[in-house]
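Undergrad: Structure in structure tokens, see below.
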């Protein structure tokens, strides 16, 4: 009766359902599973037909993810260290972190251990949202760069 008074032709229940589901997605307050429960869809493939991706919504979500990944990436940079050989033991001192010193039987094992300890320290700081010191200057002569993501790939000076 209302459709006749408003002179609306060819409007079906399915059209209204489609519009309602599209609006629920646009609001962004419900996730896909919640919209599926409301709409009664059993298949997510069918439900996806109702979603109309808006470019501005995607861009803002992508930008947020990019900013988050860039923020995390700044934690995992190489740090300068001093590599010392004392008899049968190699020691690596990361002077940017107070008391961070490791040793190993070989140069490679000491640097690998330093990389793991540095990675763990940086990851813990990132998880807690703590600041880490900026990498300092590379020490002369016995200086190496410890990359937390590369293991024993040294950059020697």
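The numbers here are math on the coordinates, done by the rules we state, and not lab data. Keep in mind that this is a model prediction, so the values were computed, not measured. Cβ coordinates were reconstructed from backbone atoms using ideal geometry, including for glycine residues, and neighbour counts include every protein chain displayed.
Undergrad: Could you give the nm distance between label points at residue 88 and residue 12, where each point is 7 Å from its Cα heading toward the beta carbon?
TA: If labels sit at residue 88 and residue 12, their model points lie 8.4 nm apart.
Undergrad: What's the extension gain from residue 1 to residue 68 if we count 0.36 nm per residue and subtract their Cα-Cα distance?
TA: 18.8 nm
Undergrad: Next question. Obtain the nm distance between the two label points defined at residue 77 and residue 48 by a simple spin-label model: each point lies 7 Å from its Cα along the Cα-to-C-beta direction.
TA: For the pair residue 77/residue 48, the computed spacing is 4.0 nm.
Undergrad: Would you calculate the volume per residue, in Å³, of the smallest convex hull containing every Cα atom of the range 74-156?
TA: 79 Å³
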